[in-house]
Amino acid sequence: MPAEHLPPLRPLSLKDTASFEYILGPPNIVLGRSGRHSLRAAGVEPLGMNTYLSASFAAAMAREGVALAFTYRSCRVMQDKYRYLRIGKEGIYLDLALAWPAGKYRSRAALALAGLFQEMAPELLKR
């Protein structure tokens, strides 16, 4: 779904989640590391299950009510029964980049990822 058609996200203070459990990815993975950093920056020692689950699987478990999880926009399932929350008024964003190899060759996977970036967040590519 294009970004302009997504429902607005409700802001959330991480301090309000101190009593909830989290499904946290490994600390050496971007989402696991940034999630832990954000919780600790808010003064919250995360109660959580340290897992080696993918972000999409952790998000699926959160949708079933197991615990809270940090996730990527691409892992969201847009249905009325699910609510996704933005951390703070501005949210937490990670810079992503797609590095092309030298020359003109582009693998199908790299082209597909570039297409996904364009589809999911075209406003970011206009900068």
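The values are calculated or read from the model by the stated rules, or taken from the named source; none is laboratory data. Just so you know, these numbers come straight off a predicted model, no measurement behind them. Positions of Cβ are generated from backbone atoms using ideal geometry, with glycine treated the same way; all protein chains shown enter the neighbour counts.
Structure data summary
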| quantity | calculated |
| --- | --- |
| Residues being over 19 Å from LYS81 (Cβ atoms), under 16 Å from the mean Cα position of the chain (by Cα) and aliphatic (A, V, I, L, M) - total across region 24-70 | 7 |
| Qualifying positions in region 39-83 - touching a residue at least 60 places away in the same chain (Cβ under 8 Å) and either over 18 Å from LEU12 (Cβ atoms) or in the same structural domain as PHE117 (by TED's automatic domain parsing) (or both) | MET78 |
| Matching entry among GLY65, GLY103, GLY115 (being of a type outside the set (Asp, Glu), at pLDDT 85 or above, loosely packed, with under 12 Cβ neighbours inside 10 Å and on the phi > 0 side of the Ramachandran plot) | GLY65 |
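One line per residue, one yes/no per condition, for (1) at pLDDT below 90; (2) part of a strand (DSSP E or B); (3) more than 23 Å from MET120 (Cα to Cα):
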position: PRO7; (1), (2), (3): yes, no, no
position: TYR22; (1), (2), (3): no, yes, yes
position: PRO26; (1), (2), (3): yes, no, yes
position: GLY32; (1), (2), (3): yes, no, no
position: LEU39; (1), (2), (3): no, no, yes
position: VAL44; (1), (2), (3): no, no, yes
position: MET49; (1), (2), (3): yes, yes, yes
position: TYR52; (1), (2), (3): yes, no, yes
position: ALA58; (1), (2), (3): yes, no, no
